[in-house]
Amino acid sequence: MRIELLVNDTAHTLEVEPRTTLVDCLRDNLGLKGAHVGCEHGVCGACTVLLDGVPVRSCLMFAVQADGNRITTIEGITPGQGELSPVQDAFCETHGMQCGYCTPAMILTAHALLDANPDPTREEIVEAISGNICRCTGYAQIVEAIALAAERMSGTNRAKDAP
Ligand code: FES
Ligand code: FES
């Protein structure tokens, strides 16, 4: 079947089997390996991407179901080549990643949270990432990273005399 996807602001026309999952399409057809495959049945969240800005499990969707939609993967979250998003930067700073397997999904989930709620409480951050499993169990540092990113993005983390 022929489908059209807008992935990380680039339009793609693709031929896929009706049974091709969105995560396989992203990884195999487009070479976007940042969407990780873990459980393949909707439990771990490692395959999370944003569909029109909303986190979805790309192992549970067929690529044809995403036809005509906007997809954001971790490869599309940076402001420019060689740069990090504020959330990525905060993950590095607070040691919010260990093996990194869950990290792209956690970061995309955090971006979606902060887009919808720029000033989340700790409880709201925990709730937002509750569908994503970190096998390294680094949850405390992940929550720390998202809280730091929220502070920075809202400007409340600036030094008093900063412009
Ligand atoms: S690989 Fe999709 S939820 Fe685990
Ligand atoms: S950092 Fe290893 S799975 Fe989360």
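The values are calculated or read from the model by the stated rules, or taken from the named source; none is laboratory data. Bear in mind the structure is a predicted one, so any value in this text is a computation, not a measurement. Glycine also receives a Cβ, built like all others from the backbone with ideal geometry; neighbour counts cover every protein chain displayed.
Evaluate the following for Glu93: is it surrounded by fewer than 19 Cβ atoms within 10 Å (Cβ to Cβ), under 14 Å from the mean Cα position of the chain (by Cα) and at pLDDT 95 or above?
On the way: surrounded by fewer than 19 Cβ atoms within 10 Å (Cβ to Cβ): yes; under 14 Å from the mean Cα position of the chain (by Cα): no; at pLDDT 95 or above: yes.
No; evaluated as a whole, the condition is false for this residue.
Would you please list the contacts, defined by Cβ atoms under 9 Å and residues six or more apart or on different chains, that run from a residue in the range 3-31 that is within 18 Å of Ile77 (Cβ to Cβ) to a residue that is crowded, with 19+ Cβ neighbours inside 10 Å and among the basic types (Lys, Arg)?
Once the first residue is within 18 Å of Ile77 (Cβ to Cβ) and sits in the range 3-31, its partners that are crowded, with 19+ Cβ neighbours inside 10 Å and among the basic types (Lys, Arg) give Leu22/Arg57; Val23/Arg57.
Here's the yes/no breakdown for (1) polar (S, T, N, Q); (2) touching a residue at least 60 places away in the same chain (Cβ under 8 Å); (3) farther than 21 Å from Val37 by Cβ:
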residue: Ile74; (1), (2), (3): no, no, no
residue: Thr78; (1), (2), (3): yes, no, yes
residue: Glu83; (1), (2), (3): no, no, yes
residue: Gly96; (1), (2), (3): no, no, yes
residue: Ala116; (1), (2), (3): no, no, yes
residue: Cys136; (1), (2), (3): no, no, no
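Test Ile142 against the stated conditions and say whether it is of a type in the set (A, V, I, L, M, F, W, C), under 19 Å from Lys33 (Cβ atoms) and touching a residue at least 40 places away in the same chain (Cβ under 8 Å). First the steps, then the outcome.
Details: of a type in the set (A, V, I, L, M, F, W, C): yes; under 19 Å from Lys33 (Cβ atoms): no; touching a residue at least 40 places away in the same chain (Cβ under 8 Å): yes.
No; evaluated as a whole, the condition is false for this residue.
Limited to the range 34-63, what total is found for residues that are within 16 Å of ligand 2 (Cβ to nearest atom), more than 15 Å from Leu5 (Cβ to Cβ) and in contact with a Lys or Arg (Cβ under 7 Å, 6 or more places away or on another chain)?
Of the residues in that region, 3 qualify.
Spot the failing condition for Ala66; the list is (1) within 16 Å of ligand 2 (Cβ to nearest atom); (2) not assigned by TED's automatic domain parsing to the domain that holds Thr137, and only one is missed.
It is condition (1) that Ala66 fails.
Here's the yes/no breakdown for (1) within 22 Å of Ala112 (Cα to Cα); (2) basic (Lys, Arg); (3) out of contact with any Asp or Glu (no Cβ under 8 Å at 6 or more places or on another chain):
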site	(1), (2), (3)
Leu6	yes, no, yes
Thr13	no, no, no
Val16	no, no, yes
Leu32	yes, no, no
Val43	yes, no, yes
Thr48	yes, no, yes
Met61	yes, no, yes
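Are any of the residues in the range 78-90 within 18 Å of Asp9 (Cα to Cα), under 10 Å from the mean Cα position of the chain (by Cα) and either among the hydroxyl-bearing types (Ser, Thr, Tyr) or buried (at least 19 other Cβ atoms within 10 Å of the Cβ) (or both)? Steps first, please.
Pass one, the range 78-90, residues within 18 Å of Asp9 (Cα to Cα): 78-85.
This time we only want the ones that are under 10 Å from the mean Cα position of the chain (by Cα), so: none.
Checked against the condition, which is being within 18 Å of Asp9 (Cα to Cα), under 10 Å from the mean Cα position of the chain (by Cα) and either among the hydroxyl-bearing types (Ser, Thr, Tyr) or buried (at least 19 other Cβ atoms within 10 Å of the Cβ) (or both), the range 78-90 yields no hits at all.
What is the residue count in the range 33-59 for residues that are surrounded by 15 or more Cβ atoms within 10 Å (Cβ to Cβ), aliphatic (A, V, I, L, M) and more than 25 Å from Ala149 (Cα to Cα)? Before you say what the answer is, go through the steps one by one.
Taking the range 33-59 as the starting set, the residues that turn out to be surrounded by 15 or more Cβ atoms within 10 Å (Cβ to Cβ) are 34-38, 40, 44-51, 55-59.
Narrowing further to those that are aliphatic (A, V, I, L, M): 35, 37, 46, 49-51, 56.
After this cut, where a residue has to be more than 25 Å from Ala149 (Cα to Cα) as well, the list is 37.
Of the residues in the range 33-59, 1 are surrounded by 15 or more Cβ atoms within 10 Å (Cβ to Cβ), aliphatic (A, V, I, L, M) and more than 25 Å from Ala149 (Cα to Cα).
With the structure loaded, tell me whether Gly138 is modelled with pLDDT under 95, out of contact with any Leu (no Cβ under 6 Å at 6 or more places or on another chain) and within 16 Å of ligand 2 (Cβ to nearest atom) or whether it fails that test.
On the way: modelled with pLDDT under 95: yes; out of contact with any Leu (no Cβ under 6 Å at 6 or more places or on another chain): yes; within 16 Å of ligand 2 (Cβ to nearest atom): yes.
Considered against the rule, which asks whether it is modelled with pLDDT under 95, out of contact with any Leu (no Cβ under 6 Å at 6 or more places or on another chain) and within 16 Å of ligand 2 (Cβ to nearest atom), Gly138 comes out as yes.
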